[in-house]
Amino acid sequence: MLVLTRRVDESIMIGDDIRVTVVAVKGDHVRIGVEAPKRVTIHRLEVYEEIKRANLEAATGAPALTDLDQLATLLPARPKREPASDS
Amino acid sequence: MDNQEHVTQTTYQSDDAAQGSGVRVLSERLGVVYADEGDLVEMSTPIPGFPASLRYCLIPTDEAGGSPFLWLQSMDEPSLAFIAVAPFEFFPEYDIELPRPDQEELDIQSVEDVLVLTLVTIPPGKPEDVTANLVAPVVVNTRTRRGRQVILYDSGYTTRHYLLPHEEDVAAQPSADAEHDTGECPPAGDT
């Protein structure tokens, strides 16, 4: 990990289009501003880790087709449609 | 807006009946599936935990429409598939405010463009305990066919809401961290 020391209002450039700025320091809290293109997601680590954990559980636990069939029987009845035909 | 309308157009054919129309999708679970262009989704950023996949295809789990659940099948990794469902059927009051950066990144210009899906976890052998990740829906712009898993800070939702009636609304965390890890996402506001 690259560790830099910055004062309030000082910044760090990551790549060409991500800028991290120390906005304020109060006690043991640091307010950090991040400017980045919209395609770059920015999340607090623990949030990101929880989403990732949930996704991994959802994918690796991907169900047997029998579980899916059984789940369908537990749902409120739905009208069945004819499979769509190519027009 | 009926989310299901967007995904019931899929022509789901075995390889024997291949017509040459549609897009060929290889799924480890489903074999070869032919889908319409309108069922493809390209993620603007990978789903967290799965950096190798950007292209996905939505495939109904029941071609006859008897189930609201869809496969979100990776087209980049045949072994990767999620189960997704439009959440409003199970959570009629599910209320989401799409963060502005995600709105802009997905170029959402109208609410008609938006398809919201939630990824579900079905515990093996216990389908009645299926849970939905309401705090991080997959949002798709149906006009551009681009999507992203969006994180809803401050929404109060978690990653583990039961779809079917249970005593609790939210399932406990599966790991040993259960005592201090509720699965909730910390609020975005600073103190």
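Before moving on, here are some points about what is shown:
- The residue pairs whose first member lies in region B:136-164 and is in a loop (DSSP other than H, G, I, E, B), whose second member is basic (Lys, Arg), and whose beta carbons are closer than 8 Å, counting only pairs six or more residues apart or on different chains, are B:THR159/A:ARG53.
- Taking the criterion of being in a helix (DSSP H, G or I), under 10 Å from the mean Cα position of the chain (by Cα) and basic (Lys, Arg), the only residue of region A:35-57 that qualifies is A:LYS52.
- Qualifying residue in region B:82-89 (condition: within 20 Å of B:ALA171 (Cα to Cα), touching a residue at least 40 places away in the same chain (Cβ under 8 Å) and in a loop (DSSP other than H, G, I, E, B)): yes
- The conditions of being among the small types (Gly, Ala, Ser), within 9 Å of another protein chain (Cβ to nearest Cβ) and touching a Leu at 6+ places or on another chain (Cβ under 7 Å) are not met by B:GLY66.
- Among the residues making up region B:96-108, those that are surrounded by fewer than 16 Cβ atoms within 10 Å (Cβ to Cβ) and without any contact (Cβ under 8 Å) to a residue 12 or more places away in the chain are B:ARG100, B:GLU104.
- Entry remark, region B:123-159: residues being touching a Phe, Trp or Tyr at 6+ places or on another chain (Cβ under 7 Å) and over 18 Å from B:ILE83 (Cα atoms) number 0 in total.
- Which numbered condition A:ILE12 misses (of (1) part of a loop (DSSP other than H, G, I, E, B); (2) touching a strand residue (DSSP E or B) at 6+ places or on another chain (Cβ under 6 Å); (3) closer than 26 Å to B:SER44 by Cβ): (1)
- For B:PRO92: the one exception among (1) surrounded by fewer than 18 Cβ atoms within 10 Å (Cβ to Cβ); (2) within 10 Å of chain A (Cβ to nearest Cβ); (3) closer than 29 Å to A:ASP69 by Cβ; (4) without any contact (Cβ under 8 Å) to a residue 24 or more places away in the chain: (2)
- Every residue from region B:108-138 that is within 7 Å of another protein chain (Cβ to nearest Cβ) and under 11 Å from the mean Cα position of the chain (by Cα): B:LEU119, B:VAL120, B:THR121, B:ASN133, B:ALA136
- The set of residues from region A:18-64 being farther than 21 Å from B:GLU105 by Cβ and among the polar types (S, T, N, Q) comprises A:THR21, A:THR60.
Read-outs throughout are calculated quantities, based only on the coordinates presented, and are distinct from any laboratory measurement. What you see is a predicted model, and the numbers here were worked out from it, not measured in a lab. Don't worry about glycine lacking a Cβ; one is built from the backbone with ideal geometry, like all the others, and counts go over all protein chains shown.
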